[in-house]
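I have placed the structure first, in the form of structure tokens, so that the comments after it can refer back to it.
The values are calculated or read from the model by the stated rules, or taken from the named source; none is laboratory data. Computed from a predicted model, the values in this text were never measured in an experiment. FYI the Cβ positions are ideal-geometry reconstructions off the backbone, even for glycines, and counts take in every protein chain you see.
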Amino acid sequence: MQILKKNIRTSIARAALGLFARHGFAVVSVAQIASEAGVSTGNIYHYYSGKKDLLYSVVRPQFLQKCFGLLRNKLEISCGKQSDDLKKMPQFFQANTELLEFLCKNRQPLLILLQGCEGTNYASFNSEILSLIVNAVSRHWEMVNNGKNLEAGEQRVLLGIIYENLLKATVVILQSGVSEKRRKVLLSYMLEYHLGGLSAVL
């Protein structure tokens, strides 16, 4: 009878997490994970049913709930507020800080999700994040509109482009080889730059 060892399971999960984050879920094979973990490919199947099972063990549904919750909280606080006013609001500062810390501390799971997990329960993560942001900013646009002559459909096209690029920039920063502290600084500067640019459009 095969005796399952906790340290082997942990080594396999750690190897999968690192490889998925560096290369993306789609291109990593079970054989690569086995090699990284220092076990045989066959041995992995004593602990996990396959690559999807490994994904669900290193990125749990609760993690997605936390991610969406923090983002939704920041968006709700921001809605209808001008960027200059937001900078003076303690609750916005706290929500922004919590989101940035979450992004940096959970860099690997976020990279896995943001790079795509086709064929899994997490396949729609990017589109759901993008939809959440675009919907919130569209509502914000309607509340603070200063006479910009754009139809609702045009707004969504523009915002989709803006936030798709923001998500791509987030991936680049999370992939960078700097420390967690410096990553937080880079994300903070990027978001500050983004707010300034968005206020010019709105």
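Report, by residue number, each residue of the range 158-170 that is surrounded by fewer than 13 Cβ atoms within 10 Å (Cβ to Cβ) and either β-branched (V, I, T) or touching a helix residue (DSSP H, G or I) at 6+ places or on another chain (Cβ under 6 Å) (or both).
First, pick out the residues of the range 158-170 that are surrounded by fewer than 13 Cβ atoms within 10 Å (Cβ to Cβ): 161, 165, 168.
I161 - this is the single residue of the range 158-170 that is surrounded by fewer than 13 Cβ atoms within 10 Å (Cβ to Cβ) and either β-branched (V, I, T) or touching a helix residue (DSSP H, G or I) at 6+ places or on another chain (Cβ under 6 Å) (or both).
Given the options N135, N126, N96, N121, name the one that is in a helix (DSSP H, G or I), under 18 Å from the mean Cα position of the chain (by Cα) and touching a residue at least 60 places away in the same chain (Cβ under 8 Å).
Working: N135 fails: touching a residue at least 60 places away in the same chain (Cβ under 8 Å); N126 fails: touching a residue at least 60 places away in the same chain (Cβ under 8 Å); N121 fails: in a helix (DSSP H, G or I).
N96 is the lone residue from the list that is in a helix (DSSP H, G or I), under 18 Å from the mean Cα position of the chain (by Cα) and touching a residue at least 60 places away in the same chain (Cβ under 8 Å).
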Next item on the list: Identify the single condition in (1) within 30 Å of L132 (Cα to Cα); (2) outside any loop (DSSP other than H, G, I, E, B) that V27 does not satisfy, given that it satisfies every other one.
Entry: (2)
Note to self: When you check T97 against the structure, is it hydroxyl-bearing (S, T, Y) and surrounded by 14 or more Cβ atoms within 10 Å (Cβ to Cβ), yes or no?
What the structure shows: no
Next item on the list: Check off (1) surrounded by 12 or more Cβ atoms within 10 Å (Cβ to Cβ); (2) out of contact with any Ser or Thr (no Cβ under 7 Å at 6 or more places or on another chain); (3) modelled with pLDDT under 90 for Q155 and give me the number that stays unchecked.
Entry: (2)
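Do you know which residues across the range 99-118 are free of Cβ contacts under 8 Å to residues at least 60 places away in the same chain and not in a helix (DSSP H, G or I)?
Filtering the range 99-118 for residues free of Cβ contacts under 8 Å to residues at least 60 places away in the same chain gives 99, 102, 106, 113.
Selection gives N106 alone.
For (1) closer than 21 Å to D53 by Cβ; (2) of a type in the set (G, A, S); (3) surrounded by fewer than 18 Cβ atoms within 10 Å (Cβ to Cβ); (4) modelled with pLDDT of 95 or more, each residue gets a yes or a no:
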{"site": "G69", "(1), (2), (3), (4)": "no, yes, yes, yes"}
{"site": "L103", "(1), (2), (3), (4)": "no, no, no, no"}
{"site": "R107", "(1), (2), (3), (4)": "no, no, yes, yes"}
{"site": "I112", "(1), (2), (3), (4)": "yes, no, no, yes"}
Check: Among (1) in a helix (DSSP H, G or I); (2) at pLDDT below 90, which single condition is L150 missing?
Finding: (1)
Check: What is the residue count in the range 38-56 for residues that are more than 18 Å from I112 (Cα to Cα), surrounded by 14 or more Cβ atoms within 10 Å (Cβ to Cβ) and within 29 Å of the chain's Cα centre (by Cα)?
Finding: 3
Margin query: Restricting to the range 71-93, count the residues that are at pLDDT 85 or above, part of a helix (DSSP H, G or I), over 16 Å from N135 (Cα atoms) and of a type outside the set (S, T, N, Q).
Written below: 3
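Yes or no, residue by residue, for (1) more than 30 Å from A13 (Cβ to Cβ); (2) of a type outside the set (A, V, I, L, M, F, W, C); (3) in contact with a Phe, Trp or Tyr (Cβ under 6 Å, 6 or more places away or on another chain):
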| residue | (1), (2), (3) |
| --- | --- |
| P61 | no, yes, no |
| C79 | yes, no, no |
| M89 | yes, no, no |
| Q94 | yes, yes, no |
| L99 | no, no, no |
Check: Quick one: G153 ticks every box in (1) on the phi < 0 side of the Ramachandran plot; (2) in contact (Cβ under 8 Å) with a residue 40 or more places away in the chain; (3) more than 18 Å from the chain's Cα centre (by Cα) bar one, so which box is it?
Finding: (2)
